[in-house]
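A short write-up of the structure that comes next.
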Amino acid sequence: MLTGIVLYDVRRAVGILTEPVVDWWGLLGPCMGGTVFALLAVQAAARAISLRRTARAVSPETRVDD
């Protein structure tokens, strides 16, 4: 979902840049929004990787068997 929002903001920014007169204030919103959501996506991916590595590193002694 975050990737979709970032792609939408990039598309809006490119649309603004291709206009004959660039609205710099209009460009500020998609750029800042895209940056924030991209950072959130990177943080979520890093957290998922960290959790997966931690889950794999569980030793057999600490596992609970049914």
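Overview of results
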read-out	value
Karplus-derived 3J(HN,Hα), 6.51/-1.76/1.60, for each residue of segment 32-42, Hz, glycine and proline x	5, x, x, 5, 5, 5, 5, 5, 5, 5, 5
Ranked by how many other beta carbons lie within 10 Å on average, peptides 18-25, 41-48 from highest	41-48, 18-25
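Bear in mind these aren't lab numbers, they're just calculated from the coordinates by the rules spelled out. Nothing here was measured: the structure is a model prediction, and the numbers come from that model. A quick note on method: Cβ atoms are made from the backbone with ideal geometry, for glycine too, and the neighbour counts reach across all protein chains shown.
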